[in-house]
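Undergrad: Quick one: structure below, then a few questions.
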Ligand SMILES: [Zn+2]
């Protein structure tokens, strides 16, 4: 529907001053120290008022690692003051829409960011339900893919009229496994393990920076071996798609609060951040019940994330 700017102006002019909101300011984390910022605390519904899943690790005012990129991530990334040129890597948990839909928006936006070094992007291998990380990027950017005009972000494009990318995306597939796959990238250390998310290849990720470790369960039904990664973390982000009272088929995909408690109960972490809310877990009454279940096992801070929240690593 088209809206006339003149009528919008007069409507705004008639509002009390307190209701006439100025443009939202940039939502930056503090510029000293290491933080994880929640860019999207929602899931796939788009009705919670939260962007779909995404987390951003900051160090001294620079965005270093992006974890997942669901719908809304690209806008919130910029709103947070982040630059694609600063990123060391992108980590993807799995290829469901609410975790990857904004990758292509970020990629296109980075055309204007002046990045000049390759950008590694790590994600799971594929199967018949979802492509692996390398295949996903090929299906987006390959000459036979959806956006061949952006092929220059993957390889030297044969047609000089294509967008001239100043750098390349470098996708890597990681096989989900019970024993974590670990690797280093400069001063960053990464580990991933099979998150068990129905039939879709999925990774739980940990990132270590300045000797502090963030662990993100991702969408996970909570296999017991994730406990070892949670035990070593300083801060944990757990996905909370189910209330404790839920019973049904989605338990195959996600943890109820008592399952999260089993994973995080012995952790040395000082903060447990809950995220990936659906309508059924986003209400304050359900979150109070969730808090009670978790507080019986996890004795430090339990937070229910909102978009743009920053937590020290
Ligand atoms: Zn999800």
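Undergrad: Counting only helical runs of four or more DSSP H residues, what would the 222 nm mean residue ellipticity of the chain come to if each run contributes -39,500 (n - 2.57) and the total is spread over all its residues?
TA: After summing the helix terms and dividing by residue count, I get -5500 deg cm²/dmol.
Undergrad: In addition: Kindly put 150, 185 in sequence by how many other C-beta atoms sit within 10 Å of each C-beta, fewest to most.
TA: Ordered by Cβ neighbours within 10 Å, fewest first: 185, 150.
Undergrad: Return the inverse of the average 1/r over all pairs of distinct C-alpha atoms in region 37-135, which is the Kirkwood hydrodynamic radius, in Å to one decimal.
TA: 13.6
Undergrad: Sticking with this one: Most fluctuating residue of 93, 161, 285 in a GNM of the chain with Cα springs under 10 Å: which is it?
TA: In the Gaussian network model the winner is 161.
Undergrad: Related question: Which of the peptides 239-251, 190-202 is most tightly packed, and how do the rest follow, judged by the mean count of other Cβ atoms within 10 Å per residue?
TA: So the order, starting with the most tightly packed, is 190-202, 239-251.
Undergrad: Which values of log₁₀ I(q)/I(0), to two decimal places, follow from the Debye formula for the chain at q = 0.07, 0.14, 0.15 Å⁻¹ with a uniform point scatterer at every Cα?
TA: -0.28, -1.06, -1.19
Undergrad: Given an 8 Å cut-off on Cα distances and at least 6 residues of separation, report the relative contact order of the chain as a percent.
TA: Relative contact order, the chain: 15 percent.
Undergrad: Calculate I(q)/I(0) for region 232-313 by the Debye formula, one identical point scatterer on each C-alpha and no solvent, and give its log10 at q = 0.26 Å⁻¹ to two decimals.
TA: -1.39
Each reported figure results from applying straightforward, stated rules to the coordinates on display, with no laboratory input. Note that the coordinates shown come from a computational prediction; the quantities given were computed from them, not determined experimentally. For neighbour counting, all protein chains shown are included, and Cβ atoms are generated from backbone atoms with ideal geometry for every residue, glycine included.
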